[in-house]
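Structure, as structure tokens:
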Amino acid sequence: MHCQHFGVCGGCSLPGIPYATQLAMKQARLETLLGVAVSPLVPSPREDRFRHKVTFVFGSDESGRRIVMGHYAAGGRTMVPVEECPVHSDRGNQLAFTLRDQLTRARVSPDVLRHVMGFGEVPEKALTGPMQKMLDSGFIQAVKMCVDELGFKADPKIRATQEIAVATAPIDSPLGVIEPGQVAARKFHWEALVDGEPVVRVTVNWLMGEESLDPPWTFGPEGQRYEMEVRGNPDITIVVKGFQSLVGGEGPEYGIVGTAAHCVNSVPAVCAAEPGILTMLDLPLISGKAAPHLR
């Protein structure tokens, strides 16, 4: 399979390897992971144009005004614009590139940071934007799950609130310079209440740096982290670090890798469960797994 973007694009890594060799590599990998012999893999009748689930990354060109579509570069997070993808089916490519062209003609900005997350907007626009509602769907469920398990007689409605901080000086960011008076940090809160008092609270903090903010929010001396505080007998605080990638670092975001690992490690428990709707509280403890060479 020939691809003009191979070697730069990170969408796939095998086009330069003969298909028979690819199958042999995959079979050997399976046998290593499973520790048993595996029957020869059944080859696909097609060596290209076989993927019907089409996935691209959207971004903007150097001017920030024109939408481009492609894949992340091999080993990094820089986007490589593409004009073909021989892995995707012809129909999938047609739909994806038609969407790109329509977005370009409509002058739709790809800048999710600004137009969805609200960074670089005026406070009023950010506070009335879509981000709060988008986050509500997941975090409200998490709060309610804690309420149910702990046995609080909480109000049925979860209180959702948000705060913003604006730049007091120009701040360089992935979306460009955030000017003074524009939104440069956001906080979202979800609270379960008993007689008006919060009993379960989840907060998300998003900061474009820790300087030139009003209010002067920071992550504190411990830096970016997940922090869990329980007030009871005894009071405890748990701090988890490692899910936030280094600024400017290469490769996948650590938090995304951690989220994916949890989903993958949940597969056996989900498959073994009886049909129906279950929460994490209904499944056994989900843990990571030892590396193959340590089992």
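Couple of notes before you dig in:
- For the chain, the fraction of 1.4 Å probe accessible surface lying on carbon and sulfur atoms is 58 percent.
- Of the DSSP H helices in the chain, those whose Cα atoms cover at least 18 Å axially and whose Kyte score averages 0.0 or more: 19-34, 131-150, 254-272
- Every helix of 4 or more DSSP H residues in the chain counts as -39500 (n - 2.57), and over all residues that averages to -8500 deg cm²/dmol at 222 nm.
- Solvent-accessible area of Arg77 with every protein chain in place, 1.4 Å probe, in Å² to the nearest 10: 110
- Net length gained if the chain between Asp148 and Ala260 were fully extended (0.36 nm per residue, minus Cα distance): 37.7 nm
- Calculated FRET efficiency for the pair Thr98/Thr161, C-beta based, R₀ 51 Å, to 0.05: 0.80
- Label selected from [x] 23.4; [y] 21.4; [z] 20.4, the criterion being Kirkwood radius over Cα pairs in Å as computed here: [x]
- Separation of the Arg225 and Ala20 label points, Cα + 7 Å toward Cβ, nm: 5.7
- Protein heavy-atom accessible surface, 1.4 Å probe, per residue over region 79-214: 56 Å².
- Amide hydrogen proximity for Val68: with H placed 1.01 Å from N in the peptide plane, the residues at 5 or more positions away or on another chain lying under 5 Å are Gly59, Ser60, Asp61.
- Across region 273-284, computed HN-Hα scalar couplings (Karplus, 6.51 cos²θ - 1.76 cosθ + 1.60, θ = phi - 60°) run 6, 5, x, x, 9, 10, 10, 4, 6, 8, 9, x Hz from first to last residue, x flagging Gly and Pro.
- Rolling a 1.4 Å probe over the protein heavy atoms leaves His189 with an accessible area of roughly 10 Å².
- Using a Förster distance of 25 Å, the FRET efficiency for Ala28-Ser287 (Cβ separation, nearest 0.05): 0.35
The values are calculated or read from the model by the stated rules, or taken from the named source; none is laboratory data. Quick caveat: nothing in here was measured; it's all calculated off a predicted structure. FYI the Cβ positions are ideal-geometry reconstructions off the backbone, even for glycines, and counts take in every protein chain you see. SASA here: full protein model, heavy atoms, side chains in, ligands and nucleic acids out. Shrake-Rupley method; radii C 1.70, N 1.55, O 1.52, S 1.80 Å.
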